[in-house]
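Okay, so here's the structure we're looking at.
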Amino acid sequence: MRISYYGYYLSHKLHYGKHLFDLSRFILSFAECQDPTLKGSFKHNSENIYLQRLAGNVCVLAMTRDAETFKKIDTSSMSIGEFKQFLGQDEKVGFASYLIIKNNFFGFASSSLSPKFDTFCEMINTLLTYTNNGSWSFCIHPLIHQATRDEAVKMNFIGKTTIEVKKENSLAQNILNVISAGGDIDDLDSLEITLKPIKGRSIKPVVQRLVSATSDQGVEKLVMKAKNDAKSAMLDLYVVGRGVISDDLGNYEESVISEIMETKIRENAKLKEQLEAFIEDGQTDKADFSRFLHFNNVSSWSDLACELQSTYSLQY
């Protein structure tokens, strides 16, 4: 599972702008709230969505078709493993994503069938409405990076590399000539080639020759896994095409997932660089965020849950 990183900000629905404000305590306090009516009132595409704090700044975003499942969950005393084990007992659940909430950004990790970040954003915007902050919108900005060819090939260790080229590119033409494709390429758009090393080995010389021999014209994608020293983690370098900065979480025990996420964030230099640029581009003016601050504790969410049952006719 990979974790991808996104900056977040608030935009006023009338005055717009990109207002930077730390929503981590606002979100984490809600996730820690145990009121079943409030916590079980969210849906996305007819699926019930549930956000629960697990450890530190890490939450799990779970999805189920059966709202009754949530009534059985007492996560206040559950460990991460117990929570996931409980989900796995019900065939209607089984799908969950991890996210870590920080000041100005969050990391999101999901599998192919788990809830995606747009589901999380939809939930947060609903919370803004519930808390009388509906004049604001919760918006995200993918933290992306694109490396130059020189930066990429200078990395000490280069692993799996994928290149996509249009059929007009010289590399594609050479391959098509080898297989004698001739004039049978009218319906062909592009070729995608993946170079895979033996596990734990570097294919830097091969990739260097590939990059050097491929013209810029018609290159749609060039992505390589690379690192500068043996102890650091492999990075996805987008030489052509822009990708969201991400990290591989590996196959660690779920009991240490929070620690692993924190470590990945701390060691990702590209994330730090792009986050600084994102913050510099935002507004840190003195807008009134007192309504947000009011919900920086669990008790305020519990009190709100009672009010919302009549105001919004929440059903569980």
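The values are calculated or read from the model by the stated rules, or taken from the named source; none is laboratory data. Everything numeric here is computed off the predicted structure, so don't read it as measured data. Because the Cβ atoms are built from the backbone with ideal geometry, glycine has one as well, and the counts that use them run over all protein chains shown.
Points worth noting:
- Segment 24-47, subset touching a helix residue (DSSP H, G or I) at 6+ places or on another chain (Cβ under 7 Å) and outside any helix (DSSP H, G or I), residue nearest to S114 (Cα to Cα): H44
- Residue satisfying all of: in segment 1-22; aliphatic (A, V, I, L, M) and within 17 Å of the chain's Cα centre (by Cα); modelled with the lowest pLDDT among these: M1
- For segment 130-183, the tally of residues that are under 29 Å from G282 (Cβ atoms) and either outside any strand (DSSP E or B) or among the β-branched types (V, I, T) (or both) stands at 13.
- So D247, is it crowded, with 19+ Cβ neighbours inside 10 Å and under 30 Å from Q173 (Cα atoms): no
- L222 modelled with pLDDT under 90, closer than 28 Å to G107 by Cα and either of a type in the set (A, V, I, L, M, F, W, C) or in a helix (DSSP H, G or I) (or both): no
- Residue tally, condition closer than 16 Å to K221 by Cβ, of a type outside the set (S, T, N, Q) and surrounded by fewer than 12 Cβ atoms within 10 Å (Cβ to Cβ), over segment 169-195: 2
- Apart from one condition, A96 fits all of (1) more than 17 Å from the chain's Cα centre (by Cα); (2) at pLDDT below 90; the exception is (1).
- Residue in segment 273-295 that is under 24 Å from I163 (Cα atoms) and in contact with a helix residue (DSSP H, G or I) (Cβ under 8 Å, 6 or more places away or on another chain) present: no
- Residue in segment 266-273 that is surrounded by 11 or more Cβ atoms within 10 Å (Cβ to Cβ), modelled with pLDDT of 90 or more, more than 29 Å from the chain's Cα centre (by Cα) and not in a strand (DSSP E or B) present: no
- Any hit, segment 164-176, residues being closer than 26 Å to K264 by Cα and either assigned by TED's automatic domain parsing to the domain that holds R209 or modelled with pLDDT under 95 (or both): no
- Unique match (being of a type in the set (K, R), over 23 Å from V244 (Cα atoms) and touching a helix residue (DSSP H, G or I) at 6+ places or on another chain (Cβ under 9 Å)) among K167, K199: K167
- Within this structure, D186 fails the test of being acidic (D, E), assigned by TED's automatic domain parsing to the domain that holds M63 and farther than 17 Å from A213 by Cβ.
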